[in-house]
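Okay, so here's the structure we're looking at.
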Amino acid sequence: MSDAHKHKGRIYMHRGDLPNARSCYEQAVADDREHGTPQALSDALGNLGNVCAMQGDYATAEDCYREVLDIQRGQRDHQAIGQTLVNLGNLQAELEHPAQARAYYLEALDILERLHDHRALGILYANLGVQAAAMDRPEEGVSFLKKALDLHRRVGNEEGLAVTYSQLGTIFLKTGKERQAERCLNNASEHFVKLGNEIGEASALRLLADLYAERHDHQSSLRCLERVVSVDLRYRLPQLQHDSERLGQLRRLT
């Protein structure tokens, strides 16, 4: 029965139906506690933790991940341990506890570096960069993010490149380094276009619009915002009203 519940959970997750996905994974966890192997229970708990995190139920997600970690440590599955530590760090990051997130990330880093898992390390260095910036350590954040870019390039992680360029551009923008910010955000936008990720593209262009507005380059800002608003409309994004108001103001200026 556990496998059937997990299969249904995956289907509901794919559809974005989190309540039903959670219900399925909760049933899978109950089945695996009674009849399953430690590995099966670990998988079910990990999936349940992921759903709870997506729902914003961070306390339950943390309980799931901690139990998963206990199982993985008993099995000495270092690859899995590293990923679960990253998940716990991500929870703390969502809760805006950068110091706690950093502690989990550094513990994961020690494991993943020994395993030479370049893809996972690229994502982890990006996470460390974002948390360093949140702790008002922008130079350290830039250093981590540049390491992430190198690793993303090594393994061909196009999505990682797009997101990390955007994160790096955000730090440069906040620290007044406009030229570096512009280059990074344009790179992010180009990678998001390659991926067909219009929402990611819009997030990078939204920041570029701010940058150009600060320079009083209203035409460039206008072009960015026109594209952003078109994406807002297509995907019914919550930023639509704010972006449309900004676009209207720019049109009046030009």
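Things to note:
- Farthest positive-ward along the chain dipole, Cα basis, beta-carbon charges - from G16, Q92, V155: V155
- Count, lysine Cα pairs under 24 Å in the chain, 8 or more residues apart or across chains: 6
- Taking every alpha-carbon pair within segment 68-154, the share separated by more than 17 Å comes to 46 percent.
- Dimensionless Rg/Rh of segment 140-201 - Kirkwood Rh, Rg from C-alpha atoms: 0.97
- Charge dipole (debye, nearest 20) of segment 150-247; +1 at Cβ of Lys and Arg, -1 at Cβ of Asp and Glu: 160
- Computed over the chain, the per-residue total of -39500 (n - 2.57) for DSSP H runs of n ≥ 4 gives a 222 nm mean residue ellipticity of -29500 deg cm²/dmol, rounded to 500.
- Estimated vicinal HN-Hα couplings, Hz - segment 152-158 in sequence order (Karplus 6.51, -1.76, 1.60; Gly, Pro = x): 4, 5, 4, 9, x, 8, 5
- Using R0 = 41 Å, the C-beta based FRET efficiency linking H35 and A99 works out to 0.50.
- 5 Å-binned pair-distance histogram of segment 44-117 (Cα, whole percent): 4, 19, 27, 25, 18, 7, 1
- Segment 36-45 - phi-based ³J(HN,Hα) in whole Hz, Karplus 6.51/-1.76/1.60, Gly and Pro as x: x, 7, x, 5, 5, 5, 4, 4, 5, 5
- Rg(Cα) / (2.2 N^0.38 Å) computed for the chain, rounded to two decimals: 1.14
- Remark: the chain carries a charge dipole of roughly 860 debye about the Cα centre, counting +1 on each Lys and Arg Cβ and -1 on each Asp and Glu Cβ.
- Here segment 144-248 is treated as a Stokes sphere of Kirkwood radius computed over C-alpha pairs; at 37 °C and 0.692 mPa s its diffusion coefficient rounds to 237 µm²/s.
- Sequence-distant residues sharing a close amide H with D77 (under 5 Å, placed H): none
Taken together, the values in this text are just the output of simple stated rules run on the coordinates, not laboratory data. A quick note: this is a predicted structure, and the numbers were derived from the prediction, not measured. Because the Cβ atoms are built from the backbone with ideal geometry, glycine has one as well, and the counts that use them run over all protein chains shown.
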